[in-house]
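First up is the structure itself, then whatever we jot down about it.
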Amino acid sequence: MKHFDEYRDPQLVRRLVEEVGKKATRRWTIMEICGGQTHSIMRNGIDQLLEEAVELVHGPGCPVCVTPLETIDHALAIAMAEGVIFTTFGDMLRVPGSGGDLFSARSRGADVRMVYSPLEALRIARENPLREVVFFAVGFETTVPANAMSVWQAAREGIRNFSILCSQVMVPPAMRMILSSPDNRVQGFLAAGHVCAITGYEEYEPLCREFHVPIVPTGFEPVDLLSGILKTVEMLEEGRAGIENRYGRVVAKGGNPHAREAVERVFEVADRQWRGIGMILGSGLVLRQDFRGFDASERFGINHIHTVESPLCRSGQVLQGYLKPDACHAFGRECTPQHPLGATMVSSEGACAAYYRYHRNPFLQ
(Lines give C-alpha, C1' and ligand atoms only; values in the text may rest on other atoms or scores of the structure.)
Protein backbone atom coordinates (compact mmCIF):
# COMPACT_ATOMS: atom_id res chain seq x y z
CA MET A 1 0.00 0.00 0.00
CA LYS A 2 1.48 3.32 -1.05
CA HIS A 3 2.92 5.36 1.82
CA PHE A 4 2.43 2.52 4.30
CA ASP A 5 4.25 -0.66 3.33
CA GLU A 6 7.45 1.09 2.31
CA TYR A 7 7.55 2.84 5.69
CA ARG A 8 7.17 -0.46 7.56
CA ASP A 9 9.87 -2.37 5.67
CA PRO A 10 11.67 -4.64 8.24
CA GLN A 11 14.97 -4.61 6.33
CA LEU A 12 15.02 -0.83 6.13
CA VAL A 13 14.13 -0.63 9.83
CA ARG A 14 17.11 -2.87 10.68
CA ARG A 15 19.46 -0.75 8.58
CA LEU A 16 18.29 2.45 10.23
CA VAL A 17 18.65 0.97 13.72
CA GLU A 18 22.20 -0.12 12.88
CA GLU A 19 22.99 3.32 11.46
CA VAL A 20 21.79 5.07 14.61
CA GLY A 21 23.98 2.73 16.68
CA LYS A 22 27.01 3.51 14.51
CA LYS A 23 26.50 7.29 14.57
CA ALA A 24 25.89 7.65 18.32
CA THR A 25 29.10 8.06 20.29
CA ARG A 26 27.09 8.63 23.48
CA ARG A 27 23.50 8.07 24.61
CA TRP A 28 21.42 11.04 23.48
CA THR A 29 18.08 12.12 24.97
CA ILE A 30 15.47 12.87 22.32
CA MET A 31 11.86 13.84 22.91
CA GLU A 32 9.06 12.93 20.55
CA ILE A 33 6.44 15.61 21.09
CA CYS A 34 3.41 13.77 19.71
CA GLY A 35 1.49 11.10 21.61
CA GLY A 36 0.75 9.34 18.32
CA GLN A 37 4.49 8.99 17.79
CA THR A 38 4.85 7.67 21.35
CA HIS A 39 2.35 4.90 20.67
CA SER A 40 4.07 3.98 17.41
CA ILE A 41 7.44 3.88 19.17
CA MET A 42 6.05 1.61 21.89
CA ARG A 43 4.05 -0.60 19.51
CA ASN A 44 7.05 -1.22 17.25
CA GLY A 45 9.60 -1.55 20.05
CA ILE A 46 11.72 1.30 18.72
CA ASP A 47 12.63 2.43 22.23
CA GLN A 48 14.01 -1.05 22.95
CA LEU A 49 15.83 -1.36 19.63
CA LEU A 50 17.68 1.90 20.29
CA GLU A 51 18.11 1.48 24.03
CA GLU A 52 21.91 1.75 24.02
CA ALA A 53 22.15 4.71 21.63
CA VAL A 54 19.12 6.88 22.42
CA GLU A 55 16.81 7.52 25.33
CA LEU A 56 13.40 8.47 24.02
CA VAL A 57 11.33 10.61 26.37
CA HIS A 58 7.73 11.49 25.81
CA GLY A 59 6.45 15.04 25.45
CA PRO A 60 3.19 16.88 26.08
CA GLY A 61 1.82 16.40 22.56
CA CYS A 62 -1.34 14.59 23.61
CA PRO A 63 -4.15 17.18 23.53
CA VAL A 64 -6.50 14.98 25.55
CA CYS A 65 -3.84 14.58 28.25
CA VAL A 66 -3.19 18.29 28.69
CA THR A 67 -6.83 19.42 28.71
CA PRO A 68 -7.19 20.89 32.22
CA LEU A 69 -9.19 19.05 34.85
CA GLU A 70 -11.29 22.20 35.28
CA THR A 71 -12.19 22.12 31.58
CA ILE A 72 -13.34 18.50 31.91
CA ASP A 73 -15.50 19.57 34.85
CA HIS A 74 -16.84 22.46 32.76
CA ALA A 75 -17.73 19.95 30.04
CA LEU A 76 -19.55 17.76 32.57
CA ALA A 77 -21.51 20.72 33.94
CA ILE A 78 -22.57 21.83 30.46
CA ALA A 79 -23.46 18.28 29.38
CA MET A 80 -25.76 17.87 32.39
CA ALA A 81 -27.54 21.19 31.74
CA GLU A 82 -31.15 20.93 30.56
CA GLY A 83 -31.71 21.10 26.83
CA VAL A 84 -28.05 20.58 25.87
CA ILE A 85 -26.66 18.21 23.25
CA PHE A 86 -22.97 17.85 24.09
CA THR A 87 -20.80 16.62 21.22
CA THR A 88 -17.21 15.44 21.38
CA PHE A 89 -14.59 13.27 19.75
CA GLY A 90 -14.55 9.75 21.19
CA ASP A 91 -11.20 10.13 22.94
CA MET A 92 -12.66 12.64 25.42
CA LEU A 93 -15.45 10.37 26.65
CA ARG A 94 -13.41 8.54 29.30
CA VAL A 95 -11.13 11.36 30.45
CA PRO A 96 -11.67 11.64 34.20
CA GLY A 97 -12.96 14.82 35.76
CA SER A 98 -13.55 15.41 39.45
CA GLY A 99 -16.94 13.70 39.40
CA GLY A 100 -16.74 11.11 36.64
CA ASP A 101 -16.41 11.37 32.88
CA LEU A 102 -18.66 12.09 29.91
CA PHE A 103 -19.61 8.42 29.66
CA SER A 104 -20.92 8.50 33.23
CA ALA A 105 -22.71 11.79 32.48
CA ARG A 106 -24.48 10.04 29.61
CA SER A 107 -25.50 7.22 31.94
CA ARG A 108 -27.04 9.85 34.20
CA GLY A 109 -29.19 11.16 31.36
CA ALA A 110 -26.99 13.72 29.61
CA ASP A 111 -27.32 13.81 25.81
CA VAL A 112 -23.63 13.23 24.99
CA ARG A 113 -22.89 12.30 21.38
CA MET A 114 -19.65 11.25 19.71
CA VAL A 115 -18.95 13.01 16.43
CA TYR A 116 -16.14 12.82 13.90
CA SER A 117 -16.02 16.50 12.98
CA PRO A 118 -17.13 19.85 14.44
CA LEU A 119 -19.08 20.34 11.23
CA GLU A 120 -21.13 17.27 12.21
CA ALA A 121 -21.90 19.03 15.50
CA LEU A 122 -22.96 22.08 13.51
CA ARG A 123 -25.32 19.90 11.46
CA ILE A 124 -26.86 18.61 14.69
CA ALA A 125 -27.43 22.24 15.74
CA ARG A 126 -29.21 22.95 12.45
CA GLU A 127 -31.44 19.92 12.97
CA ASN A 128 -32.24 20.80 16.59
CA PRO A 129 -32.90 24.55 16.64
CA LEU A 130 -34.59 24.41 20.07
CA ARG A 131 -31.60 22.72 21.75
CA GLU A 132 -28.19 24.11 22.65
CA VAL A 133 -25.47 22.13 20.86
CA VAL A 134 -21.94 22.34 22.24
CA PHE A 135 -18.79 20.92 20.63
CA PHE A 136 -15.78 20.12 22.82
CA ALA A 137 -12.99 21.78 20.80
CA VAL A 138 -9.87 20.05 22.06
CA GLY A 139 -6.59 19.68 20.24
CA PHE A 140 -3.32 21.02 18.92
CA GLU A 141 -2.84 22.90 15.68
CA THR A 142 -4.16 19.95 13.67
CA THR A 143 -7.75 20.31 14.85
CA VAL A 144 -7.98 24.10 14.98
CA PRO A 145 -8.81 24.77 11.29
CA ALA A 146 -11.93 22.58 11.33
CA ASN A 147 -13.02 24.10 14.64
CA ALA A 148 -12.49 27.57 13.20
CA MET A 149 -14.55 26.71 10.13
CA SER A 150 -17.44 25.41 12.25
CA VAL A 151 -17.63 28.68 14.18
CA TRP A 152 -17.22 30.79 11.05
CA GLN A 153 -19.96 28.82 9.28
CA ALA A 154 -22.28 29.08 12.29
CA ALA A 155 -21.81 32.85 12.30
CA ARG A 156 -22.34 33.04 8.56
CA GLU A 157 -25.60 31.06 8.74
CA GLY A 158 -26.79 32.73 11.93
CA ILE A 159 -26.93 29.45 13.87
CA ARG A 160 -27.09 30.75 17.44
CA ASN A 161 -27.72 27.47 19.26
CA PHE A 162 -24.17 26.29 18.49
CA SER A 163 -21.08 26.95 20.63
CA ILE A 164 -17.70 25.40 21.40
CA LEU A 165 -15.97 24.64 24.68
CA CYS A 166 -12.45 25.55 23.64
CA SER A 167 -9.25 23.90 24.87
CA GLN A 168 -6.92 24.53 21.93
CA VAL A 169 -3.19 24.47 22.60
CA MET A 170 -0.03 24.95 20.55
CA VAL A 171 3.22 22.99 20.45
CA PRO A 172 6.08 25.57 20.22
CA PRO A 173 5.32 27.31 23.55
CA ALA A 174 5.34 23.91 25.29
CA MET A 175 8.72 23.13 23.74
CA ARG A 176 10.01 26.50 24.96
CA MET A 177 8.77 25.70 28.47
CA ILE A 178 10.59 22.36 28.44
CA LEU A 179 13.85 23.82 27.10
CA SER A 180 13.72 26.72 29.60
CA SER A 181 13.47 24.44 32.62
CA PRO A 182 16.61 24.13 34.76
CA ASP A 183 15.84 20.39 34.95
CA ASN A 184 15.61 19.92 31.18
CA ARG A 185 17.31 16.78 29.81
CA VAL A 186 16.05 16.99 26.23
CA GLN A 187 18.80 17.46 23.63
CA GLY A 188 16.75 17.18 20.44
CA PHE A 189 13.14 16.92 19.30
CA LEU A 190 11.07 14.93 16.86
CA ALA A 191 8.35 17.38 15.79
CA ALA A 192 4.86 16.12 15.01
CA GLY A 193 4.42 15.84 11.24
CA HIS A 194 0.67 16.42 11.24
CA VAL A 195 1.05 19.63 13.26
CA CYS A 196 3.76 20.86 10.88
CA ALA A 197 1.50 20.02 7.93
CA ILE A 198 -0.78 22.82 9.17
CA THR A 199 1.67 25.32 10.63
CA GLY A 200 4.87 24.58 8.73
CA TYR A 201 8.08 24.65 10.73
CA GLU A 202 9.23 28.27 10.51
CA GLU A 203 8.07 28.97 14.06
CA TYR A 204 10.48 26.32 15.40
CA GLU A 205 13.50 28.14 14.01
CA PRO A 206 13.76 30.66 16.91
CA LEU A 207 13.81 27.74 19.36
CA CYS A 208 16.69 26.14 17.47
CA ARG A 209 18.68 29.36 17.56
CA GLU A 210 17.93 30.27 21.17
CA PHE A 211 18.48 26.83 22.73
CA HIS A 212 20.85 25.37 20.10
CA VAL A 213 18.81 22.21 19.56
CA PRO A 214 17.96 20.15 16.48
CA ILE A 215 14.24 19.79 15.67
CA VAL A 216 13.24 17.20 13.09
CA PRO A 217 9.64 17.03 11.78
CA THR A 218 8.79 13.42 11.03
CA GLY A 219 5.89 11.01 10.64
CA PHE A 220 4.46 8.06 12.52
CA GLU A 221 5.55 4.88 10.78
CA PRO A 222 8.68 2.98 11.94
CA VAL A 223 10.83 4.14 9.02
CA ASP A 224 9.63 7.74 9.47
CA LEU A 225 10.49 7.72 13.15
CA LEU A 226 13.86 6.02 12.75
CA SER A 227 14.79 8.34 9.90
CA GLY A 228 13.94 11.30 12.15
CA ILE A 229 15.90 9.86 15.07
CA LEU A 230 18.91 9.17 12.82
CA LYS A 231 18.91 12.74 11.53
CA THR A 232 18.59 14.11 15.07
CA VAL A 233 21.52 11.96 16.25
CA GLU A 234 23.64 13.08 13.29
CA MET A 235 22.95 16.73 14.11
CA LEU A 236 23.71 16.21 17.79
CA GLU A 237 26.99 14.44 16.96
CA GLU A 238 27.94 17.36 14.69
CA GLY A 239 26.93 19.94 17.33
CA ARG A 240 24.49 21.39 14.83
CA ALA A 241 21.16 23.06 15.61
CA GLY A 242 18.35 23.79 13.17
CA ILE A 243 15.40 22.20 11.36
CA GLU A 244 15.67 19.14 9.14
CA ASN A 245 12.37 18.09 7.57
CA ARG A 246 12.11 14.27 7.36
CA TYR A 247 8.42 14.28 6.41
CA GLY A 248 8.64 16.01 3.07
CA ARG A 249 5.76 14.05 1.53
CA VAL A 250 3.41 15.88 3.91
CA VAL A 251 5.18 18.91 5.42
CA ALA A 252 6.20 22.15 3.71
CA LYS A 253 8.05 25.01 5.39
CA GLY A 254 5.06 27.36 5.27
CA GLY A 255 2.47 24.75 6.15
CA ASN A 256 -1.07 25.08 4.81
CA PRO A 257 -1.81 28.77 4.14
CA HIS A 258 -5.57 28.26 3.79
CA ALA A 259 -5.81 26.46 7.13
CA ARG A 260 -3.67 29.10 8.82
CA GLU A 261 -5.85 31.87 7.42
CA ALA A 262 -9.01 30.20 8.75
CA VAL A 263 -7.47 29.90 12.22
CA GLU A 264 -6.28 33.51 12.31
CA ARG A 265 -9.72 34.73 11.24
CA VAL A 266 -11.51 33.10 14.18
CA PHE A 267 -8.94 32.61 16.99
CA GLU A 268 -6.33 34.67 18.80
CA VAL A 269 -3.42 33.64 21.04
CA ALA A 270 -3.87 33.51 24.82
CA ASP A 271 -2.24 32.00 27.89
CA ARG A 272 -3.48 28.50 28.65
CA GLN A 273 -3.43 26.04 31.55
CA TRP A 274 -2.11 22.56 30.75
CA ARG A 275 -3.21 19.62 32.87
CA GLY A 276 -0.45 18.48 35.20
CA ILE A 277 1.88 21.24 33.99
CA GLY A 278 0.28 24.59 34.76
CA MET A 279 0.12 27.87 32.88
CA ILE A 280 2.14 28.19 29.67
CA LEU A 281 2.21 31.72 28.32
CA GLY A 282 0.94 32.21 24.78
CA SER A 283 0.21 28.51 24.38
CA GLY A 284 -3.54 28.59 23.76
CA LEU A 285 -6.16 29.91 21.39
CA VAL A 286 -9.42 31.62 22.26
CA LEU A 287 -12.20 32.98 20.09
CA ARG A 288 -11.73 36.51 18.82
CA GLN A 289 -14.14 39.16 20.06
CA ASP A 290 -16.26 38.96 16.90
CA PHE A 291 -16.92 35.27 17.61
CA ARG A 292 -17.01 35.36 21.42
CA GLY A 293 -20.76 34.68 21.35
CA PHE A 294 -19.93 31.09 20.37
CA ASP A 295 -17.87 30.51 23.52
CA ALA A 296 -19.69 27.88 25.59
CA SER A 297 -17.85 28.73 28.80
CA GLU A 298 -19.27 32.26 28.69
CA ARG A 299 -22.66 31.17 27.41
CA PHE A 300 -23.17 28.72 30.27
CA GLY A 301 -21.38 30.72 32.99
CA ILE A 302 -19.31 27.83 34.30
CA ASN A 303 -15.96 29.59 34.81
CA HIS A 304 -16.48 29.58 38.59
CA ILE A 305 -15.77 25.82 38.74
CA HIS A 306 -12.29 25.11 40.18
CA THR A 307 -10.74 21.72 40.89
CA VAL A 308 -7.68 20.00 42.37
CA GLU A 309 -5.73 17.12 40.80
CA SER A 310 -5.15 13.81 42.58
CA PRO A 311 -1.82 13.98 44.45
CA LEU A 312 -1.08 10.43 43.26
CA CYS A 313 -1.11 11.40 39.56
CA ARG A 314 2.34 12.36 38.22
CA SER A 315 1.27 12.80 34.60
CA GLY A 316 2.68 16.34 34.52
CA GLN A 317 6.18 14.98 35.08
CA VAL A 318 5.59 12.36 32.39
CA LEU A 319 4.41 15.00 29.92
CA GLN A 320 7.54 17.08 30.47
CA GLY A 321 9.94 14.18 30.04
CA TYR A 322 11.07 14.05 33.67
CA LEU A 323 9.50 10.69 34.45
CA LYS A 324 8.73 7.52 32.51
CA PRO A 325 5.20 6.23 33.16
CA ASP A 326 6.43 2.97 34.69
CA ALA A 327 8.41 4.94 37.29
CA CYS A 328 5.18 6.33 38.75
CA HIS A 329 4.20 4.37 41.87
CA ALA A 330 0.50 4.47 40.95
CA PHE A 331 1.06 3.10 37.43
CA GLY A 332 -0.74 -0.24 36.99
CA ARG A 333 -1.84 -0.18 40.62
CA GLU A 334 -4.08 2.71 41.66
CA CYS A 335 -4.05 3.95 38.04
CA THR A 336 -5.23 1.66 35.23
CA PRO A 337 -7.22 2.23 32.01
CA GLN A 338 -10.31 1.02 33.88
CA HIS A 339 -9.70 3.35 36.84
CA PRO A 340 -7.45 6.18 35.59
CA LEU A 341 -6.08 8.92 37.81
CA GLY A 342 -5.20 11.09 34.81
CA ALA A 343 -5.86 11.45 31.11
CA THR A 344 -2.48 10.00 30.11
CA MET A 345 -3.79 6.55 31.09
CA VAL A 346 -6.93 6.64 28.92
CA SER A 347 -6.08 8.79 25.92
CA SER A 348 -5.32 6.97 22.67
CA GLU A 349 -2.18 9.14 22.56
CA GLY A 350 -1.30 9.03 26.26
CA ALA A 351 2.17 7.85 27.26
CA CYS A 352 0.87 5.96 30.30
CA ALA A 353 -1.69 4.17 28.13
CA ALA A 354 1.08 3.23 25.68
CA TYR A 355 3.27 1.79 28.45
CA TYR A 356 0.35 -0.14 29.89
CA ARG A 357 -0.80 -1.48 26.53
CA TYR A 358 2.65 -2.47 25.29
CA HIS A 359 3.90 -3.97 28.57
CA ARG A 360 6.74 -1.63 29.46
CA ASN A 361 6.45 -2.42 33.18
CA PRO A 362 7.63 -5.70 34.77
CA PHE A 363 4.73 -5.38 37.25
CA LEU A 364 2.34 -6.07 34.37
CA GLN A 365 4.22 -8.99 32.83
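How many residues are in contact with a Lys or Arg (Cβ under 8 Å, 6 or more places away or on another chain) and open to solvent by less than 20 Å² (accessible area, probe 1.4 Å) when one looks only at segment 240-279?
Total satisfying the criteria: 2.
Could you list, in sequence order, the residues of segment 183-219 that are open to solvent by 40 Å² or more (accessible area, probe 1.4 Å) and within 19 Å of Gly321 (Cβ to Cβ)?
Result: Asp183, Asn184, Arg185, Gln187, Glu210, Phe211, His212.
Checking Lys22 against (1) in contact with a helix residue (DSSP H, G or I) (Cβ under 7 Å, 6 or more places away or on another chain); (2) of a type outside the set (A, V, I, L, M); (3) modelled with pLDDT of 95 or more, which test does it fail?
The single condition Lys22 does not satisfy is (1).
If you go through segment 284-302 one residue at a time, how many are open to solvent by 40 Å² or more (accessible area, probe 1.4 Å) and more than 16 Å from Thr67 (Cβ to Cβ)? Let's see the steps before the verdict.
As a first pass, look at segment 284-302 and keep what is open to solvent by 40 Å² or more (accessible area, probe 1.4 Å): 286, 288-290, 292-293, 298-301.
From the residues that got through so far, the ones that are more than 16 Å from Thr67 (Cβ to Cβ) too are 288-290, 292-293, 298-301.
Of the residues in segment 284-302, 9 are open to solvent by 40 Å² or more (accessible area, probe 1.4 Å) and more than 16 Å from Thr67 (Cβ to Cβ).
Determine whether Arg176 is open to solvent by 10 Å² or more (accessible area, probe 1.4 Å) and more than 23 Å from Gly284 (Cα to Cα).
no
Among the listed residues Cys166, Cys196, which satisfies the condition of being farther than 19 Å from Gly35 by Cβ, touching a strand residue (DSSP E or B) at 6+ places or on another chain (Cβ under 7 Å) and at pLDDT 95 or above?
Cys166
When the residues of segment 25-35 are filtered to those that are open to solvent by less than 10 Å² (accessible area, probe 1.4 Å) and at pLDDT 95 or above, which remaining residue is nearest to Val133 (Cα to Cα)?
Only one residue fits best here, namely Glu32.
In segment 236-258, how many residues are at pLDDT 95 or above and either out of contact with any Gly (no Cβ under 7 Å at 6 or more places or on another chain) or among the polar types (S, T, N, Q) (or both)?
Residues flagged as at pLDDT 95 or above and either out of contact with any Gly (no Cβ under 7 Å at 6 or more places or on another chain) or among the polar types (S, T, N, Q) (or both) within segment 236-258 amount to 12.
Find the residue count for segment 90-118, including only residues that are in a helix (DSSP H, G or I) and not basic (Lys, Arg). Working first, answer last.
Step one: list which residues in segment 90-118 are in a helix (DSSP H, G or I), which gives 90-92, 102-107, 118.
Retained after the next criterion (residues that are not basic (Lys, Arg)): 90-92, 102-105, 107, 118.
The qualifying residues number 9.
May I ask you to list the residues in segment 119-136 that are assigned to a helix (DSSP H, G or I) and either under 14 Å from Leu93 (Cα atoms) or open to solvent by less than 30 Å² (accessible area, probe 1.4 Å) (or both)?
Once the filter is applied, which keeps residues that are assigned to a helix (DSSP H, G or I) and either under 14 Å from Leu93 (Cα atoms) or open to solvent by less than 30 Å² (accessible area, probe 1.4 Å) (or both), segment 119-136 yields Ala121, Leu122, Ile124, Ala125.
Checking Gly139 against (1) open to solvent by 30 Å² or more (accessible area, probe 1.4 Å); (2) at pLDDT below 95, which single condition isn't satisfied?
Condition (1) is where Gly139 drops out.
Quick one: which helices (runs of 4 or more DSSP H) lie wholly within segment 260-365 and hold at least 3 residues that are over 30 Å from Ala81 (Cβ atoms) and within 19 Å of the chain's Cα centre (by Cα)?
315-319, 351-357
State all residues of segment 142-173 that are open to solvent by less than 10 Å² (accessible area, probe 1.4 Å), aliphatic (A, V, I, L, M) and more than 15 Å from the chain's Cα centre (by Cα); if no residue qualifies, say none.
Selection gives Ala148, Val151, Ala154, Ile164, Leu165.
Name the pairs: first residue in segment 193-211 and over 19 Å from Ile229 (Cα atoms), second residue open to solvent by 20 Å² or more (accessible area, probe 1.4 Å) and of a type in the set (Ser, Thr, Tyr), Cβ to Cβ under 6 Å, at least 6 apart or on different chains?
Ile198/Thr142
Here is a yes/no grid of residues against (1) in a strand (DSSP E or B); (2) within 30 Å of Trp28 (Cβ to Cβ); (3) at pLDDT 95 or above:
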position	(1), (2), (3)
Leu56	yes, yes, yes
Pro60	yes, yes, no
Val64	no, yes, no
Ile72	no, no, no
Ile78	no, no, yes
Ile85	yes, no, yes
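Can you tell me which residues in segment 4-57 are of a type in the set (A, V, I, L, M) and either under 15 Å from Glu234 (Cα atoms) or in contact with a His (Cβ under 8 Å, 6 or more places away or on another chain) (or both)? Walk me through it before giving the result.
To start, the set of residues in segment 4-57 that are of a type in the set (A, V, I, L, M) comprises 12-13, 16-17, 20, 24, 30-31, 33, 41-42, 46, 49-50, 53-54, 56-57.
The answer is Leu16, Val17, Val20, Ala24, Ile30, Met31, Leu50, Ala53, Val54.
Quick one: which residue in Thr67, Thr38, Thr71, Thr87 is out of contact with any helix residue (DSSP H, G or I) (no Cβ under 8 Å at 6 or more places or on another chain), on the phi < 0 side of the Ramachandran plot and open to solvent by less than 60 Å² (accessible area, probe 1.4 Å)?
Thr71
The values are calculated or read from the model by the stated rules, or taken from the named source; none is laboratory data. In this text, all values refer to a predicted model and were calculated from it rather than measured experimentally. Please note: Cβ atoms are built from the backbone with ideal geometry, for glycine as well, and neighbour counts cover all protein chains shown. Keep in mind that these areas ignore ligands, DNA and RNA; they rest on the heavy atoms of the full protein, side chains included. Shrake-Rupley method; radii C 1.70, N 1.55, O 1.52, S 1.80 Å.
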